[in-house]
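Have a look at the structure below, then the notes.
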Amino acid sequence: MPLPILSATLPDWMGPWLAMIGFGAFHGLNPGMGWLFALSLGLQHNSERAVWIALFPIAAGHAASIAVVAGLVLAGLRFISLSALQWMTAFLLIAFGIYKLFNYYRHPRWVGMKVGPGDLFAWSFLMATAHGAGLMVIPALLGVATANHHGPPNMSSMTDVLLAVGVHTLVMWLVMGAVAWIVYRKLGLAVLRRKWINFDLIWAVSLLVVGSIALATAL
């Protein structure tokens, strides 16, 4: 009797979830999403605890921004076909990516270093929204919402999307915490002056890459 052959291909539903996890790690690595701010607060107060406390409202603000986008995606699926939504997403990503490519050095500036949890939450929400973090994950959210469902979004697909946002946020928080802890305990801010990586430019290119992938999917 022949042995069954196991396929090395991942199930279709796993792709969008792995993408949400990958985006969570990528967003967590980006200092513009919050870990650098939390690290600065920790160094200002000379407290590692201050770093971790700051990361909670920062992650919550990021999650709120992603959740708003997720709500728009679910609403869009009720009135627009999946194909049309994929085309719209691809063009928005590419257009925003081109804009960020020529304006990657611009950031929202409205908060100082004396901030509370509410300020950190609002700052993180604004940063994630302004940098297109939610826009970047729309293709993955579309995949999560439609992987095992047909027709308009139902309670199950809504639950899947919210869970995906939660997983994305948890991964981001873990990566942010790990990076901030390593820099705080082992490296210090001096290493950032010597070996700084231009994440803003990488972010702009990433938007274009995701947009191109979304366009290929729509085709």
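The values are calculated or read from the model by the stated rules, or taken from the named source; none is laboratory data. Quick caveat, the model's predicted, so the values are computed rather than measured. Note that we place each Cβ from the backbone using ideal geometry, even for glycine, and neighbour counts take in every protein chain shown. SASA here: full protein model, heavy atoms, side chains in, ligands and nucleic acids out. Shrake-Rupley method; radii C 1.70, N 1.55, O 1.52, S 1.80 Å.
For Asp12, Asp119, the ranking by accessible surface with the largest value first comes to Asp12, Asp119, using a 1.4 Å probe. Label-to-label distance, Ala67 versus Leu101, with points set 7 angstrom from Cα along the beta-carbon direction: 3.5 nm. Packing, taken as the mean count of other beta carbons within 10 Å per residue, orders the peptides 55-64, 36-45 from highest to lowest as 55-64, 36-45. Taking every protein chain into account, the 1.4 Å probe leaves Met158 with about 60 Å² of accessible area, to the nearest ten. Using the Cβ-Cβ distance between Asn46 and Ile202 with R0 set to 25 Å, the FRET efficiency works out to roughly 0.20.
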